[in-house]
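Below is one structure, written out as structure tokens; the observations come after it.
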Amino acid sequence: MTFDYTRLRATADRLIGRFGKPATLTRSTAPAGAPQYPWDEVTPSQPVTQSFTVTVVEDKATVRYSRADEGALIPRSVRVLTIATDGEAPRMGDRIILADRPHEIVLVSPLQPGATLLLHEAEISA
């Protein structure tokens, strides 16, 4: 028996829309690669920057732990953002502009039970 997550997604969308704020997500993509033929000239080009509007619920700074190679837990202070799924999906390395300043997204965890994407949880440095 499978569970239908569509009602849960509708609830998540409604709550993020109610308590969230708009933010700008920017992504820089690398310029085109090597020329197609060896006799073509290589022309340097600038990276292409795209901007997307997303809805974000910002949480306070919290401590999360990473495990080092030798097994020790390393605490790190991060700010957690809950991002709605109706806009562009965030990626590691994207920059998000909040009220205070731009931040780099260091980790993205989609909350996706089964095939239903509910929300994105993104970590930015605190």
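Each value in this text was obtained by applying a stated rule to the coordinates, not by laboratory testing. No experiment lies behind these values; they were computed from the predicted model shown. Please note: Cβ atoms are built from the backbone with ideal geometry, for glycine as well, and neighbour counts cover all protein chains shown.
Tabulated data
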quantity	calculated
Residues of region 72-95 that turn out to be over 28 Å from THR6 (Cα atoms) and in contact with a Pro (Cβ under 8 Å, 6 or more places away or on another chain), as a count	1
Flag for ASP69 being out of contact with any Pro (no Cβ under 8 Å at 6 or more places or on another chain) and touching a residue at least 60 places away in the same chain (Cβ under 8 Å)	no
Strands (runs of 3 or more DSSP E) completely within region 40-126 that count 1 or more residues being aromatic (Phe, Trp, Tyr) and surrounded by 11 or more Cβ atoms within 10 Å (Cβ to Cβ)	48-67
Some residue of region 62-70 being out of contact with any helix residue (DSSP H, G or I) (no Cβ under 6 Å at 6 or more places or on another chain) and within 27 Å of LEU8 (Cα to Cα)	yes
